[in-house]
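Colleague: Can you read through this structure? Questions will come right after.
The values are calculated or read from the model by the stated rules, or taken from the named source; none is laboratory data. What you are looking at is a predicted structure, and each value in this text was computed from that prediction instead of being measured. Heads up, the Cβs are rebuilt from the backbone with ideal geometry, glycines too, and the neighbour counts pull from every protein chain shown.
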Amino acid sequence: MTREHWRVTEALFERSAPTRAALPAEGLPEFAVAGRSNVGKSSLINALTNSSALARVSRSPGRTQLLNAFTWKLRGPEDATLEARCVDLPGYGFAKVSRDVRESFAEMVEDYLLRRASLRLALLLIDSRREFDERDRALVEFLAARPAAVRVMVVGTKADKLGAATRGLWVQQTADAAGIARRDVFLTSTHASLGLFGPRGVLDTMAATLQPT
């Protein structure tokens with residue numbers, strides 16, 4: 001029996017790295033998960049991998065202070081397979097750490113995003129109840145200026161808190177604010193399993209982007 005959509009069949013933590021150079025060797029197609037400190041990055045990773053504890057979910061914003069690498073194995077339509085690496089980036093915004101530490105986060109993340117050759121995709125998570133702001137826009141513009149193209153998918157989290165009429169409006173407004181195509185904006189909810197799987201879901205779109213050409 002063939003699968004209609006992509007699913008993660010195995011996901012393993014590799015290592016936490018204080019610098020780009022300390023990450024696992026390049027080779028696998030790679031995607032980064034970025035966003036504010038309390039946006040729900042760990043919850044999304046756990047939901048997409050059907051795991052309750054692959055990525056640590058903390059009640060304290062800013063606990064992720066390293067580049068956290070995971071390997072994912074996926075299986076899709078007609079039993080297609082894909083192996084990729086996920087790198088969870090330190091959150092920006094509300095981290096309860098010193099200014100010096102926040103600045104070191106920025107240097108580490110910029111170095112990774114600019115110089116990691118295997119990076120193919122960035123998931124930029126934002127709370128769908130909040131507006132796309134200058135920090136989010138700066139990340140999109142930074143990736144757009146990168147010599148090697150990186151696709152950006154803006155993923156709105158906690159969409160179960162929005163009314164149905166608001167959701168479509170949010171997608172268009174966010175696409176306009178980010179300067180990207182509407183097809184690259186997604187609404188998700190890990191609690192309601194909204195927008196994660198299926199032909200218009202985050203995982204299928206990720207797999208299509210990460211598959212070797």
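Colleague: Has the range 159-171 got any residue that is among the β-branched types (Val, Ile, Thr), touching a strand residue (DSSP E or B) at 6+ places or on another chain (Cβ under 6 Å) and in contact (Cβ under 8 Å) with a residue 60 or more places away in the chain? Walk me through it before giving the result.
Modeller: Start the filter on the range 159-171 by keeping residues that are among the β-branched types (Val, Ile, Thr), which leaves 166, 171.
With the extra rule that they be touching a strand residue (DSSP E or B) at 6+ places or on another chain (Cβ under 6 Å), the set shrinks to 171.
Still in the running and in contact (Cβ under 8 Å) with a residue 60 or more places away in the chain: none.
No, there is no match, as no residue in the range 159-171 is among the β-branched types (Val, Ile, Thr), touching a strand residue (DSSP E or B) at 6+ places or on another chain (Cβ under 6 Å) and in contact (Cβ under 8 Å) with a residue 60 or more places away in the chain.
Colleague: Oh, and also: Scan the range 162-201 for residues that are polar (S, T, N, Q) and over 15 Å from Arg130 (Cα atoms) and jot them down.
Modeller: Thr190, Ser193
Colleague: Among the residues of the range 71-104 satisfying the criterion of being outside any loop (DSSP other than H, G, I, E, B) and within 15 Å of Ala22 (Cβ to Cβ), which is modelled with the lowest pLDDT?
Modeller: Going residue by residue through the range 71-104, those that are outside any loop (DSSP other than H, G, I, E, B) are 71-75, 77, 81-88, 92, 99-104.
Now restrict to residues that are within 15 Å of Ala22 (Cβ to Cβ): 85, 87-88, 104.
Working: Arg85: 98, Val87: 97, Asp88: 94, Ser104: 51.
Among those that are outside any loop (DSSP other than H, G, I, E, B) and within 15 Å of Ala22 (Cβ to Cβ), it is Ser104.
Colleague: Then there's this: Looking for something within 21 Å of Thr71 (Cα to Cα), hydroxyl-bearing (Ser, Thr, Tyr) and assigned to a loop (DSSP other than H, G, I, E, B) - is there at least one such residue anywhere in the range 184-202?
Modeller: Yes - at least one qualifying residue is present in the range 184-202.
Colleague: Within the range 150-172, is there a residue that is within 16 Å of the chain's Cα centre (by Cα), surrounded by 12 or more Cβ atoms within 10 Å (Cβ to Cβ), among the aliphatic types (A, V, I, L, M) and under 15 Å from Trp6 (Cβ atoms)?
Modeller: yes
Colleague: Can you confirm whether the range 28-38 contains a residue that is under 18 Å from Leu119 (Cα atoms), in contact (Cβ under 8 Å) with a residue 40 or more places away in the chain, among the basic types (Lys, Arg) and not in a helix (DSSP H, G or I)? Can you show your working first?
Modeller: Quick first cut of the range 28-38, residues under 18 Å from Leu119 (Cα atoms) only: 28-35.
Filter again for in contact (Cβ under 8 Å) with a residue 40 or more places away in the chain, leaving 28-35.
With among the basic types (Lys, Arg) added as a condition, the list becomes none.
Taking every residue of the range 28-38 in turn, none turns out to be under 18 Å from Leu119 (Cα atoms), in contact (Cβ under 8 Å) with a residue 40 or more places away in the chain, among the basic types (Lys, Arg) and not in a helix (DSSP H, G or I).
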